[in-house]
Every structure is written in C-alpha cells, then in structure tokens.
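Novice: Got a structure for you, questions after.
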C-alpha cells in the first residue's frame with residue numbers, strides 16, 4: 001500500500017482529548033481513581049524510578065528515533081504529532097519477536113515499537129499505530145497505564161492486603177480500564193490515518209500475525225467475524241466463558257476494536273471533528289456532559305455532536 005501524502009491529511013489545531021475520549025474509558029477510570037491507596041502506589045512507583053530505569057535500558061539496547069536516525073519512522077511521528085497538535089515524545093525501536101507497541105512513563109512519556117510490528121505493517125498502518133500511542137499520551141492515560149504495566153510484573157505490591165478478593169477486585173478494575181482506554185487510543189489512530197479501513201486492516205493483520213496471508217484477508221469478513229462473536233451472547237454459558245476469557249486482558253479483542261472503529265467512523269462526532277468542529281484545549285474547563293447521551297460537549301456547541309440533540313437543556 002502506498003503511503004498517502006501527508007498534505008492530504010487534516011490537522012486539528014488545539015485539539016482536546018475530550019473530542020475523542022471513549023465514554024467507557026472515562027467511566028472505568030473513575031472506578032480506578034477510587035481504589036484505596038492508589039495515590040500512594042503512584043508516588044512510590046515514581047520514587048523508585050521505574051520510568052528512569054526503563055529509559056536507561058532503552059538508551060542502551062534500543063534505537064532512539066530522531067531526525068537523523070530512522071528518518072522515515074521519525075517523519076511518521078512528526079506528522080502524527082502535527083495532526084493531533086502535541087509535542088513529540090521520545091520514540092524507540094527495540095528488537096522483539098512480539099507484534100506490539102507501548103507507551104510508558106508518568107513524568108516524561110515515551111513510545112516503544114517492536115521490530116516485529118514494524119516488519120508486519122505498511123507505512124499507513126504504522127502511522128496509525130504511532131497515532132494510537134500518541135492518543136494514550138494526549139488523553140493522559142500514561143500514568144495509570146504505567147501502574148498496570150508495573151503491577152503485571154510486581155503483583156507483590158498488594159500482598160500486604162489481608163483480603164485476596166480485594167486484590168483481585170483492584171486488578172480487575174485496572175485491567176478493565178486498560179482495555180477501555182485502548183478504545184480512546186484507537187479513535188486517535190483513526191484521526192491520524194483518517195481512513196477506517198487502514199485501522200481495521202491493522203488490527204486484522206496484528207490478529208493474524210502473518211505477512212504471507214495478508215493479501216487474502218478481508219476487512220468485511222473480519223467485521224462479520226466480530227458480529228458473530230457478539231452474537232454468542234445469546235447463550236448464558238457463552239457469556240460466562242467470554243467474561244473470564246477477557247477478564248485479565250490488557251487490550252480489547254481485535255474484532256471488538258474493529259467494530260468500535262467502524263461505528264465511530266460513521267458517527268456524527270467523528271464527522272464533526274473531521275469538519276473542524278471539535279472541543280479545543282481552550283474549551284477544556286467548560287466541557288460538559290450531554291444530558292441525553294453523556295458525550296463530552298464543547299461549551300460553544302448548542303447541539304451534541306454525537307446524538308445531535310440540544311445539549312443546553
């Protein structure tokens with residue numbers, strides 16, 4: 001697939017993350033913020049220097065992407081930052097056999113791309129992944145995602161709690177929010193690529209993990225597969241299996257993400273953003289909830305960009 005010329009992609013000056021935050025993301029984060037001792041855990045993680053330690057390791061064993069190093073990838077980072085109107089975080093490429101990208105750091109966030117991911121995706125898809133990771137930064141996910149990342153390795157931090165059910169509940173809440181935060185970042189990915197088929201193809205390609213079969217894959221069939229997975233809910237036992245299958249996942253299922261992207265690409269909210277009508281950083285203090293659907297509405301909007309109803313009732 002040839003790379004679309006960056007001049008054809010729209011920019012969104014002073015874009016606020018409220019413009020694309022998924023409602024499930026915000027609701028799940030409110031639950032996380034109410035977890036006892038979460039503020040002390042955050043403070044301790046920063047004091048122990050997990051972010052600094054990982055940055056030191058990356059500078060020693062990964063490739064730091066700059067204008068003079070991996071210039072083509074750097075141009076993707078620069079373009080994605082221009083589209084979302086944000087500062088460029090550090091970007092590293094590390095040799096790793098898994099297809100993945102991640103963002104880390106509470107004080108100075110940075111993005112890491114795995115080599116296998118870069119080899120699997122074309123330029124447009126890789127641009128979207130970078131936009132996805134930037135979405136986490138812009139939506140201020142990084143602090144809590146850092147907690148999830150560390151706790152996956154250091155579950156012992158909760159051993160002091162006498163109630164094992166409390167530990168399970170806390171971890172379940174963190175993973176639930178982590179999954180839902182991905183839906184917000186997926187929307188940032190779509191805003192950067194401005195092509196829903198590119199985004200769905202990315203998730204489909206990452207799900208299959210094979211370069212050899214990609215020319216045989218169909219976006220339409222992948223969306224149908226997602227609909228079949230949703231249809232499994234007709235049976236209570238299926239819902240039980242699905243619940244425990246997804247409970248400890250840090251990311252939503254690819255078929256679900258594809259459906260969410262398709263639905264949002266057809267929404268009035270997305271079309272308003274593309275048309276240049278969206279909440280800006282200047283509006284953040286006045287952002288309010290739509291009384292009908294709960295979507296975030298700029299104080300300058302009379303009607304909700306999501307449901308179209310009067311938002312000033």
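The values are calculated or read from the model by the stated rules, or taken from the named source; none is laboratory data. Everything numeric in this text was worked out from a predicted model, so none of it was measured. Glycine also receives a Cβ, built like all others from the backbone with ideal geometry; neighbour counts cover every protein chain displayed.
Conditions tested, residue by residue: (1) modelled with pLDDT of 95 or more; (2) under 21 Å from the mean Cα position of the chain (by Cα); (3) exposed (fewer than 11 other Cβ atoms within 10 Å of the Cβ).
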position	(1), (2), (3)
169	no, no, no
176	no, yes, no
209	no, yes, no
234	no, no, yes
237	no, no, yes
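Novice: Being more than 17 Å from residue 140 (Cβ to Cβ), exposed (fewer than 13 other Cβ atoms within 10 Å of the Cβ), at pLDDT below 90 and touching a helix residue (DSSP H, G or I) at 6+ places or on another chain (Cβ under 9 Å) is the filter here, so list the residues in region 2-33 that pass it.
Specialist: Within region 2-33, just 2 meets the criteria.
Novice: Additional query: Mind counting the residues in region 271-296 that are closer than 17 Å to residue 13 by Cα, part of a loop (DSSP other than H, G, I, E, B) and either modelled with pLDDT of 95 or more or out of contact with any helix residue (DSSP H, G or I) (no Cβ under 6 Å at 6 or more places or on another chain) (or both)?
Specialist: Count: 3.
Novice: Let me ask another. Residue by residue through region 45-96, note down the ones that are without any contact (Cβ under 8 Å) to a residue 40 or more places away in the chain, more than 21 Å from residue 185 (Cα to Cα) and assigned to a helix (DSSP H, G or I).
Specialist: Answer for region 45-96, where residues must be without any contact (Cβ under 8 Å) to a residue 40 or more places away in the chain, more than 21 Å from residue 185 (Cα to Cα) and assigned to a helix (DSSP H, G or I): 47, 48, 52, 53, 56, 57, 59, 60, 61, 71.
Novice: Sticking with this structure for a sec: Quickly run through region 195-242 and pick out the residues that are closer than 16 Å to residue 119 by Cα, free of Cβ contacts under 8 Å to residues at least 60 places away in the same chain and in a loop (DSSP other than H, G, I, E, B).
Specialist: 210, 212, 213
Novice: May I ask you to verify whether residue 99 is surrounded by 15 or more Cβ atoms within 10 Å (Cβ to Cβ), modelled with pLDDT under 95 and either touching a strand residue (DSSP E or B) at 6+ places or on another chain (Cβ under 8 Å) or not in a loop (DSSP other than H, G, I, E, B) (or both)?
Specialist: yes
Novice: Here are the criteria: (1) surrounded by 13 or more Cβ atoms within 10 Å (Cβ to Cβ); (2) modelled with pLDDT of 85 or more; (3) out of contact with any strand residue (DSSP E or B) (no Cβ under 8 Å at 6 or more places or on another chain). Tell me which single one residue 53 does not satisfy.
Specialist: The one condition residue 53 does not meet is (1).
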